[in-house]
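This report concerns only the one structure given below.
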Amino acid sequence: MVTGRLPFKGEFPQAMVYSILNETPEPVTGLRSGVPLELERIVNKCLAKAAAERYQHLEDLIVDINRLKPSLLDEPGLKPAEALGKARNVRRSLPFLAAGLGWLAAAVFLGLFLFQPPEQHPPVRLQTITYSGRDWAPSSSPAGDMIAFASDRDGVSRIWLKQVVGGSEAPITKGPDDLPRFSPDGSQILFVREWGGTRDLYRTSVVGAQPRRILEDVLEADWSPDGTQVAFIRTKPVGEENLEIIGVADVQTGVERVLTEVENRLCYGVRWSPDGRRIAVSETNQSPATTGFAYVNLINATSGEFTRMALTNLVGPYTAVEWGRAGRTILAGQAAAVLTQFGDFPAQIMEYNLESETRRPLFWSPVKLPFGGRCYSTIAVLGSDQIVIDQHIAQSALFEVPWTGTSDTEPGRMLTRGLGRDRQPAFSPDGDRVIFSSNRSGNTDLWTVDRHTGAVRQLTDDPAIDFDPAFTPDGERVLWTSDRSGNPEIWMAAADGSRARQVTRDGVDAENPTMTVDGVWIVYGSFNDEKLGIWKIRRDGSDATPLAAGSYALPDVSPDGRYALFLRVHGIGYVIHVVEIESCELVPFEIDLPGRMLHENIVLGRARWAPDGHKIVYVGQDEQGHFGIYVQDFIPGRDTSESRKPLAGFSKDFITESLGVSPDGKSIVISVTSERRSLKLAEYVSLSWGDRKSVE
């Protein structure tokens, strides 16, 4: 009204609010000549940012305008008739001018007070809500007042219930059970039970009634929104490959319908959307070192149509997801890099909007991610600002055990100590040193420990991840896997770690190098879909030749250089095979290792040759689910399972994860892992879908 222009500009409401809050309008006298300075003062007072500097009452504004009236009429050279006309115009304009300035003041008030930026949200707070150190897989009731979870705190994996208010906890199943899921009405809990290397799906009442079996041979499942069906995952070996089968089944009849199949991948964390249209499944490669294979998959619950999604530019695997209330968002955690499970590096917990394809980071937390087994962290939503996640922290050390040649083992000794992850031990040819991978520097690198002095020395310090170490038979060089080139490949260096060079050009994932005694061939495993299996290559990187094609891993060359053992992924279990290196022919021999107690991510069957070449030493699991080291005779063409003997490990207090055998056959070094898994309550997360108990 004074200048013919608005004091603030904005093409849309948010921009206008920003202009009101943060920008200073141009002076009135700069936009129109002849404006009295008193009028400019009145306008500026109306536009003041600070409330105390503005007019507190409209009457005060009118008083100042009335005082301004004489200056508006007192204009030099004005004739009486013109002055009279102008006075009439001023009198007619004063109410409108006052009203305009009043509305201007009101607009500024609204911008400064009603459209103030929201109060800063409190940072996310994490607090422990279970303390046994052996709790995982939380699932919340629809009302958010109870949490079902798995725990082996009393020696057997069972399903437990926890009251959110009060915190009381009690088991409701006998076990061994895992992966509970509340039904949509909160009256029942779905879970899987271990049966001699297989899993069956059950449901039970929250009051602990007799469980009812729904399906056989499934890894995990989740309820449909109406509670009449379940979505499930089953793994099935087909020839030398593995299939992950995702399907749905009727709760009452068990009638199944397959939706889709995925080859040579790990699928886990099946979750049915609240609207019933889609089923979410997390996916990763069989090797945790392979980059570019971590996805959240959305499957049409009717047609089985399959969509792979990468939620971020991170490359690590995902936790299980949790759906938002209306099915438009999901919660998920993702590791920042591969092999983060060897260093307890945290994963980013995020909320992802499926419609806008945008994510909102919430917080970071150490989590369990698939490696070897199918164990992973899950997320449970209690309300609009509270979620529960199982947090995982572990440490590993090297422990040396004498090998007496009998089933009785003598007390051992610690070779390394600390809070890091010391694993994958291998002896030097002279037996004086043990090489291993560790994150004790803050990054996963190669280290050695002197068996006599205990001195620990770092061999590599590249920012990339270095793992899978081994000495060459002459002891002059070391072999290992590294992602220095952008993906895992086989590398070689001098025994002190200097003069490193890349050997393989797999292009996706080459791992676990081991060399023949004559130094001619390096044997390794490939997780490249086009090269999947065991390969040999010359030390100069030439003549790459397949030894065995299939879902194979973890080779080890025999002391005489004739054979290479390797591991086959077979459903949820493993099988140790042997191939002749020169002829590339499979040897008629195998060691079958059925999977059981799958809540630990341990590769059963990680194996080494005994120094005489007539025995195989490997990681196995006893009937109680404890991990340790077995030894078994190697005789081609014969079943030697009766010769199997326990050597070391099998403790309820730690997990035996990997091993090395001394050249003289008198010692075994094992990597022993102790871990803590607890339920964490995250508060103030401010989920975008609001209170889960409200109806949208």
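The values are calculated or read from the model by the stated rules, or taken from the named source; none is laboratory data. Everything numeric in this text was worked out from a predicted model, so none of it was measured. Cβ sites come from the backbone with ideal geometry, for glycine too, and all protein chains shown count toward neighbours. To get the accessible areas, we keep the full protein, side chains included, count just its heavy atoms, and leave off ligands, DNA and RNA. Shrake-Rupley method; radii C 1.70, N 1.55, O 1.52, S 1.80 Å.
Points worth noting:
- Entirely in segment 589-677, the strands (runs of 3 or more DSSP E) that have 1 or more residues that are open to solvent by 30 Å² or more (accessible area, probe 1.4 Å) and either basic (Lys, Arg) or under 19 Å from residue 413 (Cα atoms) (or both): 607-609, 615-621, 645-649
- Subset of segment 486-509 that is under 27 Å from residue 528 (Cβ atoms) and not in a loop (DSSP other than H, G, I, E, B) - its residue that is nearest to the chain's Cα centre (by Cα): 489
- Residues located in segment 10-50, provided they are at pLDDT below 75, surrounded by fewer than 12 Cβ atoms within 10 Å (Cβ to Cβ) and touching a helix residue (DSSP H, G or I) at 6+ places or on another chain (Cβ under 8 Å): none
- Checking 230, 296 one by one, the residue that is more than 23 Å from the chain's Cα centre (by Cα) and crowded, with 23+ Cβ neighbours inside 10 Å is 230 and no other.
- Residue 448 β-branched (Val, Ile, Thr), free of Cβ contacts under 8 Å to residues at least 40 places away in the same chain and either part of a strand (DSSP E or B) or crowded, with 21+ Cβ neighbours inside 10 Å (or both): yes
- Each residue in segment 427-438 was checked for being open to solvent by 10 Å² or more (accessible area, probe 1.4 Å) and either touching an Asp or Glu at 6+ places or on another chain (Cβ under 8 Å) or part of a strand (DSSP E or B) (or both), and 4 of them qualify.
- Some residue of segment 327-348 being at positive phi, touching a strand residue (DSSP E or B) at 6+ places or on another chain (Cβ under 8 Å) and modelled with pLDDT of 85 or more: yes
- Per-region count, segment 255-287, residues among the hydroxyl-bearing types (Ser, Thr, Tyr) and outside any loop (DSSP other than H, G, I, E, B): 4
- Lone unmet requirement of (1) under 29 Å from residue 575 (Cβ atoms); (2) touching a residue at least 12 places away in the same chain (Cβ under 8 Å) for residue 312: (1)
- Search result, residues across segment 123-145 that are part of a strand (DSSP E or B), open to solvent by 30 Å² or more (accessible area, probe 1.4 Å) and of a type outside the set (Lys, Arg): 126, 127, 128
Here is a yes/no grid of residues against (1) over 18 Å from residue 174 (Cα atoms); (2) at pLDDT 95 or above; (3) not hydroxyl-bearing (Ser, Thr, Tyr):
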position: 196; (1), (2), (3): no, no, yes
position: 202; (1), (2), (3): no, yes, no
position: 206; (1), (2), (3): no, no, yes
position: 210; (1), (2), (3): no, no, yes
position: 217; (1), (2), (3): yes, no, yes
position: 226; (1), (2), (3): yes, yes, yes
position: 239; (1), (2), (3): yes, no, yes
position: 242; (1), (2), (3): yes, no, yes
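- Options 245, 159, 214: the member that is aliphatic (A, V, I, L, M), open to solvent by less than 30 Å² (accessible area, probe 1.4 Å), within 25 Å of the chain's Cα centre (by Cα) and under 30 Å from residue 551 (Cβ atoms): 245
- Restricting segment 462-485 to residues that are assigned to a loop (DSSP other than H, G, I, E, B) and touching a residue at least 24 places away in the same chain (Cβ under 8 Å), the residue that is nearest to the chain's Cα centre (by Cα) is 465.
- The residues of segment 146-171 that are acidic (Asp, Glu) and at pLDDT 95 or above amount to a single one, 169.
- Residue match in segment 265-277 (condition: buried (at least 22 other Cβ atoms within 10 Å of the Cβ), in contact (Cβ under 8 Å) with a residue 60 or more places away in the chain and more than 18 Å from residue 191 (Cβ to Cβ)): yes
- Residues that are assigned to a loop (DSSP other than H, G, I, E, B) and charged (D, E, K, R) are absent from segment 156-167.
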